[in-house]
Structures are given as C-alpha cells and as structure tokens.
Amino acid sequence: MTQVAFIVNGKPVSVDVTGEPRLLWVIRDHLKLTGTKFGCGAGLCGACTVHIDGKAARSCQVDISQAAGKRVTTIEGLSPDSDHPLQRAWVAMQVPQCGYCQSGQIMQAAELLANNPKPSRQDIVRHMDGNLCRCGTYPHIIAAIQSVA
Ligand code: FES
C-alpha cells in the first residue's frame, strides 16, 4: 500500500493505493467523483479528460504516481456551482444527447478557452478533434464553444 497526496478540486487529498492504479480509477473509486467517465481506457476517446496543473489530460492514461503533488480538476471542480460559462452554454444549447462523453468534452473545451479565449472555428475543431461522441453532437459542441468565445 502506498499513500499518494495531491490536490483535487482545490482540496488536498491523500489516498492509499495498491500498485499503480490510473488516476481515473482513483478519482472515481476512491474519491467518488463519478463525473469523469471511463470510455475506451486506451487514451483514444477523451471521456476521462481532467485537468492536471491546468492542462487537459486523459486520466485513464495517468499513473497515480504521476499525479502526486499536482492540482487535479475534475468536472465537479470546474466551477463552484456548475456555472462555468461552458456548462451554461451546454445547457442553453442542449448539447448532450446521451451525455456520457460530455464532461470530458467540457474539460477539453475549458482548456482551450483558458489559453485562447477567442478561438477560431478551426482552432475549436482542432482542439476538440480527439474527443469522441458516439451521438455525433459535434455541431452543438462547436456552437456552444463559439457562443462562449
Ligand atoms: Fe480515457 Fe477513453 S477512457 S481516453
């Protein structure tokens, strides 16, 4: 058993883990923050996207030791009352269909706007390219990001 300490959504946490679980499973199983989703488990879909020290990361590919001492933000911590402009836009523009991938989509989009508050459509498409949605909500995702930008 190893103890790993890091910051999650602004709060210091310390978890006891066996072996080297991926950050995704520590977030979901130890911390019970289930907004971050398991999709492919192979770094290919983006459903598990969180921020680590402000950068979007696929938590299914991050060994927990890599998160030690870092600031991790999940969808639950993106804004205090789920009122991040992207979250409001997602609701206003009815982006989700099944909704499963949308927390990852929002975290990926939040990284874009944090670094580039006025992205072009091409910037948005390029940045969101690796986040998959089986319902095909891509036009709504792009429109919602543009509405915030
Ligand atoms: Fe992590 Fe698909 S579950 S990228």
Within region 30-49, considering residues that are more than 10 Å from the ligand (Cβ to nearest atom) and surrounded by 15 or more Cβ atoms within 10 Å (Cβ to Cβ), the one farthest from Asn116 (Cα to Cα): His30
Flag for Gln61 being within 16 Å of the ligand (Cβ to nearest atom) and modelled with pLDDT of 95 or more: yes
Number of the exception - Gly69 against (1) within 12 Å of the ligand (Cβ to nearest atom); (2) touching a Phe, Trp or Tyr at 6+ places or on another chain (Cβ under 7 Å): (1)
Considering residues of region 65-124 that are touching a strand residue (DSSP E or B) at 6+ places or on another chain (Cβ under 8 Å) and either modelled with pLDDT under 95 or of a type in the set (Ser, Thr, Tyr) (or both) only, the residue surrounded by the fewest Cβ atoms within 10 Å (Cβ to Cβ): Ser65
Single unsatisfied condition, Arg134 versus (1) within 16 Å of the ligand (Cβ to nearest atom); (2) surrounded by 14 or more Cβ atoms within 10 Å (Cβ to Cβ); (3) outside any helix (DSSP H, G or I): (2)
Evaluation of Gly35 against (1) under 22 Å from Asp16 (Cβ atoms); (2) in contact with a Ser or Thr (Cβ under 9 Å, 6 or more places away or on another chain) (one fails), failing number: (1)
Which numbered condition Gln108 misses (of (1) touching a His at 6+ places or on another chain (Cβ under 9 Å); (2) assigned to a helix (DSSP H, G or I); (3) over 30 Å from Gly19 (Cα atoms)): (3)
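The values are calculated or read from the model by the stated rules, or taken from the named source; none is laboratory data. Because the structure is predicted, anything quoted here is derived from the model rather than measured. We place every Cβ from the backbone using ideal geometry, glycine too, and count neighbours over all the protein chains shown.
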